[in-house]
Structure formats: C-alpha cells, structure tokens
Amino acid sequence: MADPSRLSVPGSVKVSQDLKLVSGVLQNMQDSGMIQPYSPGIPPVAFGAGGPMLKQFDESTVVSRKGSQAPTPPTSVKGIGNKVAKPDYSESKIVLAMVGLPARGKSYLSNKLMIYLKWLEYDVKVFNVGQLRRTRAKQKAQKLGIKEDHTASWFSHENEQGNLSREQLAQDSLEMLIQWLKEGGNVGIHDATNSTRARRASIEARVAKEKGIHLIFLESLCDDPAIIAANVALKVSSGDPDYKDTSPEEAKRDFLRRITEYEKVYETITEPHLSYLQIVNVGSQVTVSRIHGYLQSRIAFYLMNLHLKPRSIYLSRHGESQFNVEGKIGGDSLLSPHGMQYADALPALIKDNIGDAPLTVWTSTLRRTIQTGSNLEYTKLTWKSLDELDAGVCDGMTYEEIEQAYPDDFANRDDDKFNYRYRGGESYRDVVVRLEPVIMELERQENVLVIGHQAILRCLYAYFHHLPQVDLPYIKIPLHTVIKLTPKAYGCDEERYALPIQAVDTHRPKPKGAAPVVQATTARDYFTEEKA
C-alpha cells in the first residue's frame, strides 16, 4: 500500500550526468557569447511554476474605502492605535539539510528560502560548508603561510585526508547550526552536498539528540545538460576564490572534475522514513514526503513555486492623486491632472522597455491604480491584497490633522512606524502578512507590472532586496517612476525610469537616524563570519 505521507509526481531521475555533453554545451554558450566572464547573471537551476492563482475582483465593486471627506475624530477618542508585537515563533525549530551534486542550485534555494522566511519574521540562517572551508583555508594561509589545495582531487573520496577534512567541516557546520537554534533561531539551513546515506544518517542521529528540533532534507536533482552548464558557468565566472588566478577554461575543467568525483559516490534520497522534498529539472517532478506542521508545509509550498526563468518585475505607484495634492492619506480618490498625464505616458515607457514580451498588469481595487493602468494593453488583474495600508480612523486626514488631533499617537508612529497600527486600521507588519500570497504569486509568474501604493510597494521592494524591517517604512518610492527589478541567482538588479511629469513629494523621511541605503547586489558570499 502506498505511503499516504508521500506525494510524488511519477517520472524517472538519472543521477549520473554526461559531463561531456555539459562541457559541449558550455563551449557552445561561450562561442555564441552567452557566457560573459565575471557576470553572475546566468541563473542556476530553475523551478517551474503552475497555473495562475490570482484572485480576481469585479472592477464594478472597487469602492472599498471612505470618501474624500476627512472624518471628524470623536472627542471620546484619546488614542488612535497601538504597536503590534512580533509573532512568537520560539517553538519553531527546523534543520533543513540540503542534498545534491555541485551546480544543482542548492545555495540559490537556500538563499531564497532564507529571504522569504526572514521577510515573514522567522529567524533564519544559512550554514554553508563551502564558505566555512574557504574561510578556514584563508585563515590558515594568513596565520601559517600554508595554502591548501582545493582542486578537484581534494574532493575525491579516494583522498583520505580530504574525506576527513570534509566530514569535519560538515560536522562543525552542523554543530554551529544546532547551537544557533538553541539560542533562539527558527530555521537553520545546512548548505552542503550531504550526498550519501551515511552522511544523512549522521545528520539524522545528531539532530535526534535535540528535543524539539525537526529535520527536513531538500534534494535538488538535475539531468538536463543545458541547465547544469548554466550553473557551472555561473560558478566559474562569479569570482569564486577557489579559482582565483585560474583561467576560465581551467576553472571549468576542474569544476567538472569535482562534479565527477561526487557522482562516483552520490546516493539520491530513497530512505522512506525521512522527511524530505525532491525537486527535479525545472519542476518536472516534485516529491514531498513526511512533511508535517504549519512551518514545514509553508517551506514546502514556497519551494515548489520557485522558478528562475528570465523575467522582470516592474513596480509603479499610481499617478498623482487628488488626495496626494491635498496632502491626505488613504481614501479612494481619482487621479489629478498630472496623474492622468502619467497614465497616458506609462504605456510607451513600458513598451519601450519590454518590447513584445508578455506582461501581466496587477492593480489594487482602488480607483487611482485602476485609472493609472487603464491605457495599458495587457492582461489586467486586481488584487484586494494590493490595497493601500488602511489608516483606520485617520483615513482621509492630513498628517498635520493627525498630529493635532492625536499628538501622542502621532509621536508613537514616528517612533516605531513598522509596528504601529492605526485604530481600526493596519500596521506595516499587518501589510507584510497580507502580502504573502502576492509574494508567492510573484515568484510563480514571469513579467509583471504592479501598479500599487507607497506602503505596498515598499514591502514588495524590501522583499526582493532583502532589506531590514526597521527601514521598510522609509524606503523612497516616488510618484511617476517605474522601478524595474530583475531577479538574479544571488540578488536583484534594479533600474529606475522617472518620467518628467510634475508630482508632489509624499515621502516622509525617518525622524531619527539615517535614511535607508539600498545597495543592490547579485554577488555571492564566499566566506563565513566565523572568527579566527
């Protein structure tokens, strides 16, 4: 009888790779100019997305806010809100151990999962064994003048000293991870090959000694030479210190030899008692086995929806609104004359940038975003989840009116803007939770233009750039500007296109401390923070 806890989409998986085919594909890519030295833009293994799950709304029922008249606060109201406490995730303790040959996207998956869970306020950390190896080798060279040889021969299982060193590094990394979980972490990701049953049994035995810590394995499999070739190209062209002062050709040959050494002993997950996920070839097969509980299921669902097809995400606020001109927050006002100019100019800007590529336009259910996208000749979908942060009883008021009517609460919001919740309304923390389905769908989709609101776009922008929540409410998202985000393997490229159409500045700077600085990077970290 089939195990009811194991869900599998049938298909065959070939673990052994034809490295000659991979090498040939790499050569063709280089000859055709697809591979640019020291450019990390070539993505690792991609993951397919299923059909759309967008929530659609009838635009005839978009009025969901108060009218344009500012409400008069009742005299009995002495405060307008409070601060929302961070969720208590202290009981959530998971070791997620990666499994897979080199160049299968393990580090990419680890990084994406970390960013997603941290955005949802889980405490997550990646413990990368390769980073630990490089860090200790660097320290040894600096202190003792001894340079270790970490070419392919070091990774051979016939190299006894190399075997001992690799096992010790994996064990040390796991011990650091477990200690970090004990000190309050939620999800520790053990980023290593973990490619044999013996290694996985060792991890399982160690984690079993710790009460309340659960273990999940995540295996990334691939037998598509083109995908592996792209991953190898990324590896050898992105500044990996293993190949410092090595020509790209020699680096490629050595890394392929390293893969061969791992293939000789690789054992895919077949242990029926383990909790694990297997992801194969752009989502052509996904196996989920013995995944239980809320956080484990959340992790599984997110990973099953990832992909890395070339795509861009465009973020634009609605055109300048009548409330923007009047300095009022919230509401459901229409566009100002300048806002209408932006709506007229937007289609040409998008067309010039995206060409004939497919695009889907998302708006909120509020009139100013729908007006802004009205001239765009693309499929349009409305999301209630994209509506602006709800200001509750302050909806339709200016900041000056709020400060005069509720001085204490106005000061409290300036003191902790992320956690402050308007009475009858929302905080930025509430909006982050509300936007989780939007983030999940953005990961599934290809080219999307989101026409939204200042607070909403701040949250989405912070997710893709992995920004701290304390800075999130102060990110500058100006009117009449399109922000183009292009996800890469280890970060996100950004371009901004500001149209020369006058608009008011609605940005309120951080009252204390420096404004947040966004440094977009697609570079991979190759060393740990471990001290000498």
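The values are calculated or read from the model by the stated rules, or taken from the named source; none is laboratory data. Since we're looking at a predicted model, the values are computed, not measured. All Cβ positions, glycine included, derive from the backbone under ideal geometry; neighbour counts span all protein chains shown. In case anyone asks, the SASA skips ligands and DNA or RNA and just uses the protein heavy atoms, side chains included. Shrake-Rupley method; radii C 1.70, N 1.55, O 1.52, S 1.80 Å.
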(message) Apply the Karplus curve 6.51 cos²θ - 1.76 cosθ + 1.60, θ = phi - 60°, to the phi angles in region 391-400 and return the couplings in whole Hz, x for Gly and Pro.
(response) 8, x, 5, 8, 4, x, 9, 7, 5, 5
(message) With every atom except the alpha carbons ignored, what do you get for Rg and Dmax of region 87-166, in angstroms?
(response) 16.7, 49
(message) If each residue of separation counts as 0.36 nm, what is the full-extension length gain between Asp408 and Thr246 once their alpha-carbon separation is subtracted?
(response) 52.1 nm
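Could you tally the net charge around Lys140, taking each other residue with its Cβ under 9 Å from the Cβ of Lys140, Lys/Arg +1 and Asp/Glu -1?
Neighbour charge sum, excluding Lys140 itself: +3.
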(request) Would you calculate the separation in nanometres between label points at Leu349 and Asn82, each defined as 7 Å from the Cα along the Cα-to-beta-carbon direction? (result) 4.2 nm
(request) Can you run the Rg to Rh ratio on region 182-314? Use alpha carbon positions and the Kirkwood inverse-distance Rh. (result) 1.00
(request) Leaving ligands, DNA and RNA out of it, work out the accessible area of Ser238 with a 1.4 Å probe and give it in Å² to the nearest 10. (result) 30 Å²
(message) Rounded, prolate or oblate for region 273-348? Axes are the square roots of the Cα gyration tensor eigenvalues, ordered a ≥ b ≥ c, and the cut-off for rounded is a/c under 1.5.
(response) oblate
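How much length would be gained if the chain were fully extended between Ala141 and Gln168, taking 0.36 nm per residue of separation minus their Cα-Cα distance, in nm to one decimal?
Extending this stretch completely gives an extra 7.8 nm.
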(request) Among the listed pairs Lys118/Lys211; Lys118/Lys512; Lys138/Lys211, give every one whose C-alpha distance is greater than 30 Å. (result) Lys138/Lys211
(request) Return the FRET efficiency for the residue pair Lys384, Thr270: r is the Cβ-Cβ distance, R0 is 45 Å, and the value is rounded to the nearest 0.05. (result) 0.50
(request) Using only protein heavy atoms and a 1.4 Å probe, report how much of Val433 is accessible, in Å² to the nearest 10. (result) 90 Å²
(request) Step through the residues of region 137-153 one at a time and calculate ³J(HN,Hα) from phi using the Karplus curve (6.51 cos²θ - 1.76 cosθ + 1.60, θ = phi - 60°), rounding each to whole Hz and writing x for Gly and Pro. (result) 5, 5, 5, 5, 5, 6, 7, 10, x, 9, 9, 7, 8, 10, 7, 3, 4
(request) Kindly provide the GluC sites (Glu not before Pro) of region 162-259 that DSSP labels as loop, not H, G, I, E or B, and whose Cβ sees at most 13 other Cβ atoms within 10 Å. (result) Glu183
(message) As a test question: what accessible area, to the nearest 10 Å², does Leu467 have when a 1.4 Å probe is rolled over all protein chains in place?
(response) 30 Å²
(message) What does the extension gain come out to for Val325 and Asn159, with contour length at 0.36 nm per residue minus their alpha carbon separation?
(response) 52.7 nm
(request) Mind checking region 242-314 for trypsin sites (Lys or Arg not before Pro) that DSSP puts in a loop (not H, G, I, E or B) and that have at most 13 other Cβ atoms within 10 Å? (result) Lys244, Lys264
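Where a ≥ b ≥ c are the square roots of the eigenvalues of the C-alpha gyration tensor, would you call region 425-492 rounded, which needs a/c under 1.5, or, failing that, prolate if a/b is larger than b/c, or oblate?
rounded
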(request) Starting from the Cα gyration tensor of region 285-398, take the square roots of the eigenvalues, sort them a ≥ b ≥ c, and report rounded, prolate or oblate (rounded when a/c is under 1.5, otherwise prolate if a/b is larger than b/c, else oblate). (result) oblate
